[in-house]
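Asker: Please find one structure pasted underneath; my questions will follow.
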Amino acid sequence: MITLSDQGVYLVDGKTLVPADAAPQYDRESARKGTIAWSILKAHNTSGDMQRLRLKFDAMASHDITFVGIIQTAKASGMERFPMPYVLTNCHNTLCAVGGTINEDDHMFGLSAARKYGGIYVPPHIAVIHQYMREMHAGCGKMILGSDSHTRYGALGTMAVGEGGGELVKQLLEDTYDINYPEVVAVYLEGSPQPFVGPQDVALAIIGAVFKSGYVKNKVMEFVGPGVASMTTDYRNGVDVMTTETTCLSSIWRTDEDTRSYLKLHGREEDYRALNPAPVAYYDGCVRVDLSKIRPMIALPFHPSNVYTIDELNENLIDILASVEQAAAQVSGGRAPYTLLDKVHDGRLHVQQGVIAGCAGGNFTNVMQAASALRGNSCGAGEFSLSVYPSSQPVFLALSRNGAVTDLLQSGAIVRSAFCGPCFGAGDTPANNGLSVRHTTRNFPNREGSKPGNAQMSAVALMDARSIAATAANGGVLTSAEALDCWNAAPEYEFDRSVYDHRVYFGFGRPTGEDLVYGPNIKDWPEMSALTDHILLKVCSKIMDDVTTTDELIPSGETSSFRSNPLGLAEFTLSRRDPDYVNRSKAVDRLEKARVRGEDVCALEPELKAVYAAVRAIPGMENVSGFDTELGSVIYAVKPGDGSAREQAASCQRVIGGLANITREYATKRYRSNVMNWGMLPFQLEGEPPFDVGDYLFVPNVRAALDGDLKSVPAYWIHAGKAEPLPLYLADMTPDERAIVKAGCLINFNRNRK
């Protein structure tokens with residue numbers, strides 16, 4: 001079904017794959033320039049050096065969990081206008097159901113920002129962020145940057161990148177996105193999907209094949225091969241958006257007449273051009289996918305890579321579900337029991353909820369197929385329920401006109417407006433101990449809204465809309481779409497942009513300069529100090545899980561209501577993983593603030609006397625004191641940052657005293673970028689950490705280390721009254737990233753440039 005090449009490959013004439021070691025006749029460096037990715041990156045690079053890219057994007061997008069902080073940061077840094085189309089959608093805190101007025105206050109702030117700086121404002125319920133960008137902005141050869149990790153428009157010929165807010169701030173200030181040229185991996189598609197196989201099935205199969213090995217981590221996935229033509233563009237969009245879950249940097253697809261038709265339908269045929277690899281193109285790896293062999297898939301809790309075919313699961317229910325129960329026990333930490341085996345009756349798994357939603361599931365084709373499966377059927381009157389969220393009002397309008405909404409409603413499904421909530425734990429939370437099957441993007445712990453700390457736990461499995469509809473038609477008994485014979489081609493989609501014309505504020509290029517509208521929850525970023533020559537770190541959390549998601553660093557769900565209030569949101573940092581972290585870090589922060597005021601921290605915290613005595617025993621450190629050494633907290637995690645791009649996963653650490661992370665590796669580039677943009681040091685450590693929570697680490701001459709090659713950063717673990725060497729290092733950092741960390745954060749860095 002899927003094979004991974006163990007070496008680079010050449011793609012010849014877009015059809016033939018040749019292993020690199022079997023093709024000495026080709027020049028590898030010349031052939032690297034034959035990828036679609038190369039041509040797009042070259043067109044957007046301003047450095048003149050293709051190995052050190054400095055990219056400027058064509059457009060940007062943010063939603064209402066991220067745009068307030070981005071605009072506040074850019075404003076504090078001197079922004080006067082939006083220099084490119086910047087779309088502000090309101091698809092996450094859409095319901096305004098938690099926290100009083102504060103969600104709608106954020107929306108009004110966004111509208112006022114679009115007016116003041118010349119932006120595009122999409123009101124609540126109108127469209128989810130990525131569907132709007134597909135319909136109105138993505139086009140062949142473009143690049144788009146978004147403050148959401150699922151910013152992926154490769155199926156429309158756009159290289160899109162999801163990043164933390166700091167990277168969008170840089171674009172707003174007309175700076176660049178700086179990265180080394182990424183490796184490019186071919187995703188070679190052949191054959192065609194079976195009628196009962198949907199885009200989520202294809203995506204989950206690929207994620208399952210590449211995630212654990214890191215095969216495409218921080219690389220570009222380039223979709224090529226004859227199988228691309230077997231999918232409509234709407235179908236391709238559903239596969240493409242899920243590439244985020246592979247941890248790739250971006251994605252791009254070859255384009256064809258179906259791409260042209262999609263853009264023409266949306267009134268933008270001029271944004272089409274054919275994108276294909278050169279006659280000889282070199283790829284650093286290859287994921288070869290036989291689409292005809294993919295079967296309906298399921299990703300069991302608690303990661304999109306925990307994949308099985310539905311048939312495989314049904315044949316091995318007891319063993320597989322028992323393994324998930326073991327994982328659940330680890331996730332809950334004994335605070336909330338979660339069981340699956342009790343949901344098996346007569347050899348079949350019974351689920352409690354189905355959801356088809358968002359940028360992955362709410363596409364026109366997916367909802368049409370679900371409606372086809374449910375036409376004349378019933379979801380039943382038991383515990384199972386089904387909710388369907390079309391991804392935009394134009395999609396909803398088309399589904400209403402062709403009768404699909406009628407079919408869904410008559411089956412007992414609930415049809416709602418465009419909303420991202422089920423993807424991040426702010427909508428359709430199942431009952432305690434429930435299992436939800438969803439065509440959404442993620443199934444990380446607590447993504448469905450449960451709170452193990454309050455003894456509430458449920459879980460999500462990811463499936464395609466087709467199998468979810470088959471399950472609904474079977475009253476909630478887990479059922480593969482292959483069991484039904486109703487998968488005819490969806491009717492033609494008719495895009496009607498009148499909804500946008502009547503409700504979206506189109507202000508790009510027309511800044512009014514009017515005042516921003518602030519609600520009481522919208523707060524400025526607190527002041528952050530510049531990095532001192534030496535730093536003392538207190539270990540405030542140590543997480544030894546294989547992977548730590550951004551949802552664990554800062555939970556999603558109802559906490560999103562506080563994302564315009566840096567200190568208010570920070571109270572939730574690690575709350576579902578290490579509830580005592582916040583108090584530990586705030587105690588360190590109080591000492592640092594006292595130091596800045598000129599107070600003697602050793603007098604305030606007696607244990608520091610012994611710590612500094614050990615520090616002064618280090619050769620050359622005899623004169624170090626608590627008055628001139630910055631004090632901060634540090635988190636150790638084996639592999640943090642899988643998941644969301646939201647910068648709050650780092651900023652929440654910073655505003656309550658965080659000064660560094662120490663990891664074995666970073667799960668994603670975007671989380672590491674967030675750490676640096678908020679002035680924290682992204683340390684790494686090989687092997688097991690010797691220190692524990694409550695220990696101190698001393699890093700001398702850290703500013704000087706940032707000017708070096710970063711391969712070795714001398715540090716010390718203060719233990720048993722002695723300073724023991726600790727071999728830290730930093731992966732490559734750009735000159736600006738080094739300067740940002742020295743300045744204390746991106747805001748300080750930009751202020752210093754004025």
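Asker: If we scan the stretch 352-369, do we find a residue that is modelled with pLDDT of 95 or more, in contact with a strand residue (DSSP E or B) (Cβ under 7 Å, 6 or more places away or on another chain) and surrounded by fewer than 23 Cβ atoms within 10 Å (Cβ to Cβ)?
Answerer: Scanning the stretch 352-369, I find at least one residue that is modelled with pLDDT of 95 or more, in contact with a strand residue (DSSP E or B) (Cβ under 7 Å, 6 or more places away or on another chain) and surrounded by fewer than 23 Cβ atoms within 10 Å (Cβ to Cβ), so the answer is yes.
Asker: Within the stretch 83-106, count every residue that is in contact with a Cys (Cβ under 8 Å, 6 or more places away or on another chain) and crowded, with 24+ Cβ neighbours inside 10 Å. Don't jump to the end; show me each part of the working.
Answerer: Going through the stretch 83-106, the residues in contact with a Cys (Cβ under 8 Å, 6 or more places away or on another chain) turn out to be 91-92, 94, 103-104.
Filter once more, so that each one left must be crowded, with 24+ Cβ neighbours inside 10 Å: 91-92, 94, 103.
Adding up the residues that qualify gives 4.
For (1) assigned by TED's automatic domain parsing to the domain that holds THR243; (2) under 20 Å from TYR581 (Cα atoms); (3) touching a strand residue (DSSP E or B) at 6+ places or on another chain (Cβ under 7 Å), each residue gets a yes or a no:
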site	(1), (2), (3)
VAL624	no, no, no
VAL634	no, yes, yes
SER651	no, yes, no
ILE656	no, yes, no
THR668	no, no, yes
MET680	no, yes, yes
GLN684	no, no, yes
TYR716	no, no, yes
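Asker: So, PRO619, is that one without any contact (Cβ under 8 Å) to a residue 24 or more places away in the chain and either more than 10 Å from LEU537 (Cβ to Cβ) or not basic (Lys, Arg) (or both) or not? Walk me through how you get there before you give the answer.
Answerer: Details: without any contact (Cβ under 8 Å) to a residue 24 or more places away in the chain: yes; either more than 10 Å from LEU537 (Cβ to Cβ) or not basic (Lys, Arg) (or both): yes.
Yes: the conditions hold for PRO619.
Asker: Taking the stretch 73-103, which residues are under 20 Å from HIS502 (Cα atoms) and either in contact with a helix residue (DSSP H, G or I) (Cβ under 8 Å, 6 or more places away or on another chain) or at pLDDT below 95 (or both)? Lay out the reasoning, then the answer.
Answerer: Keep residues of the stretch 73-103 that are under 20 Å from HIS502 (Cα atoms), which gives 85-91, 94.
Within the stretch 73-103, TYR86, VAL87, LEU88, THR89, ASN90, CYS91, THR94 meet the criteria.
Asker: Within the stretch 562-593, restricting attention to residues that are of a type in the set (Gly, Ala, Ser) and modelled with pLDDT of 95 or more, which residue is farthest from THR548 (Cα to Cα)?
Answerer: The initial filter retains those residues of the stretch 562-593 that are of a type in the set (Gly, Ala, Ser), namely 564, 568, 570, 575, 585, 587.
With modelled with pLDDT of 95 or more added as a condition, the list becomes 585, 587.
Working: SER585: 19, ALA587: 24 Å.
Checked the stretch 562-593; the qualifying residue farthest from THR548 (Cα to Cα) is ALA587.
Asker: Write out, first by first residue and then by second, each pair whose Cβ atoms fall under 9 Å of each other, whose residues are 6+ apart or on separate chains, and whose first residue, in the stretch 150-170, is at pLDDT below 95 while the second is surrounded by fewer than 24 Cβ atoms within 10 Å (Cβ to Cβ) and among the basic types (Lys, Arg).
Answerer: Listed pairs, sorted by first residue: GLU163/LYS669.
Asker: Please name all residue pairs, on different chains or six or more residues apart, with Cβ atoms under 9 Å, provided the first residue is in the stretch 35-55 and is within 18 Å of SER251 (Cβ to Cβ) and of a type in the set (Phe, Trp, Tyr) and the second residue is in a loop (DSSP other than H, G, I, E, B) and modelled with pLDDT of 95 or more.
Answerer: Cβ pairs passing all conditions: TRP38/MET50; TRP38/TYR181; TRP38/ALA278.
Asker: Look through ASP13, ASP21, ASP64 and report the one residue that is closer than 29 Å to ALA203 by Cα, in contact (Cβ under 8 Å) with a residue 12 or more places away in the chain and not assigned by TED's automatic domain parsing to the domain that holds ASP105. Write out each step before concluding.
Answerer: On the way: ASP21 fails: closer than 29 Å to ALA203 by Cα; ASP64 fails: not assigned by TED's automatic domain parsing to the domain that holds ASP105.
That would be ASP13, the only listed residue that is closer than 29 Å to ALA203 by Cα, in contact (Cβ under 8 Å) with a residue 12 or more places away in the chain and not assigned by TED's automatic domain parsing to the domain that holds ASP105.
Asker: Still on this structure: Considering (1) over 24 Å from CYS652 (Cα atoms); (2) touching a residue at least 12 places away in the same chain (Cβ under 8 Å), say which one GLU688 fails and leave the rest.
Answerer: (2)
Asker: Residues of the stretch 548-588 being assigned to a loop (DSSP other than H, G, I, E, B) and either within 18 Å of GLN456 (Cβ to Cβ) or among the hydrophobic types (A, V, I, L, M, F, W, C) (or both), which ones? Show your work before the answer.
Answerer: Filtering the stretch 548-588 down to residues assigned to a loop (DSSP other than H, G, I, E, B) leaves 554-556, 563-565, 571-580.
Correct list: ILE554, PRO555, SER556, PHE572, LEU574, SER575, ARG576, ARG577, PRO579.
Asker: Quick one: how many residues across the stretch 708-739 are assigned to a strand (DSSP E or B), crowded, with 16+ Cβ neighbours inside 10 Å and in contact (Cβ under 8 Å) with a residue 60 or more places away in the chain?
Answerer: Total satisfying the criteria: 4.
Asker: From (1) within 30 Å of ALA469 (Cα to Cα); (2) surrounded by fewer than 22 Cβ atoms within 10 Å (Cβ to Cβ); (3) touching a helix residue (DSSP H, G or I) at 6+ places or on another chain (Cβ under 7 Å), pick out the condition that doesn't hold for ALA229.
Answerer: Only one criterion in (1) within 30 Å of ALA469 (Cα to Cα); (2) surrounded by fewer than 22 Cβ atoms within 10 Å (Cβ to Cβ); (3) touching a helix residue (DSSP H, G or I) at 6+ places or on another chain (Cβ under 7 Å) is unmet by ALA229, namely (3).
Asker: Additional query: When the residues of the stretch 1-25 are filtered to those that are in contact with a helix residue (DSSP H, G or I) (Cβ under 8 Å, 6 or more places away or on another chain) and of a type in the set (A, V, I, L, M), which remaining residue is surrounded by the fewest Cβ atoms within 10 Å (Cβ to Cβ)?
Answerer: Within the stretch 1-25, the match that is surrounded by the fewest Cβ atoms within 10 Å (Cβ to Cβ) is LEU4.
Asker: For the stretch 661-717, which residues satisfy the criterion of being polar (S, T, N, Q) and over 31 Å from the mean Cα position of the chain (by Cα)? Outline the logic, then answer.
Answerer: Going through the stretch 661-717, the residues polar (S, T, N, Q) turn out to be 661, 663, 668, 673-674, 677, 684, 701, 712.
Matches in the stretch 661-717: ASN701 only.
Asker: Tell me, which helices (runs of 4 or more DSSP H) wholly within the stretch 26-81 include 2 or more residues that are over 24 Å from the mean Cα position of the chain (by Cα) and buried (at least 19 other Cβ atoms within 10 Å of the Cβ)? Before you say what the answer is, go through the steps one by one.
Answerer: Numbers: elements: 28-32, 36-44, 67-76.
Output list reads 28-32.
Asker: Restricting to the stretch 393-411, count the residues that are among the β-branched types (Val, Ile, Thr) and touching a residue at least 12 places away in the same chain (Cβ under 8 Å). Walk me through how you get there before you give the answer.
Answerer: Of the stretch 393-411, the ones among the β-branched types (Val, Ile, Thr) are 395, 405-406.
Keeping just the survivors that are touching a residue at least 12 places away in the same chain (Cβ under 8 Å) gives 395, 405.
Residues that pass the stated criteria total 2.
Results for (1) closer than 20 Å to SER5 by Cβ; (2) in the same structural domain as ALA481 (by TED's automatic domain parsing), shown as yes or no for each residue.
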| position | (1), (2) |
| --- | --- |
| LEU275 | no, no |
| ALA278 | yes, no |
| ASN306 | no, yes |
| GLU315 | no, yes |
| ILE320 | no, yes |
| ALA327 | no, yes |
| SER332 | no, yes |
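Asker: Applying the selection to the stretch 156-214, what residues are more than 21 Å from LYS669 (Cβ to Cβ), in contact with a His (Cβ under 9 Å, 6 or more places away or on another chain) and in a loop (DSSP other than H, G, I, E, B)?
Answerer: Across the stretch 156-214, the qualifying residue is only GLY198.
Asker: Please give the helices (runs of 4 or more DSSP H) falling wholly within the stretch 412-514 in which 2 or more residues are modelled with pLDDT of 95 or more. Give the steps one after another, and end with the answer.
Answerer: On the way: elements: 421-424, 465-473, 498-503.
Result: 465-473, 498-503.
Asker: Within the stretch 244-256, identify whether any single residue is closer than 20 Å to ALA489 by Cα and outside the structural domain of ILE310 (by TED's automatic domain parsing), and answer yes or no. Let's see the steps before the verdict.
Answerer: First pass over the stretch 244-256, keeping only residues closer than 20 Å to ALA489 by Cα: 256.
After this cut, where a residue has to be outside the structural domain of ILE310 (by TED's automatic domain parsing) as well, the list is 256.
For the stretch 244-256, residues closer than 20 Å to ALA489 by Cα and outside the structural domain of ILE310 (by TED's automatic domain parsing): present.
The values are calculated or read from the model by the stated rules, or taken from the named source; none is laboratory data. Please read all numbers here as calculations on a predicted model, not as lab measurements. Here Cβ is always computed from backbone atoms with ideal geometry, including for glycine, and neighbour counts include all displayed protein chains.
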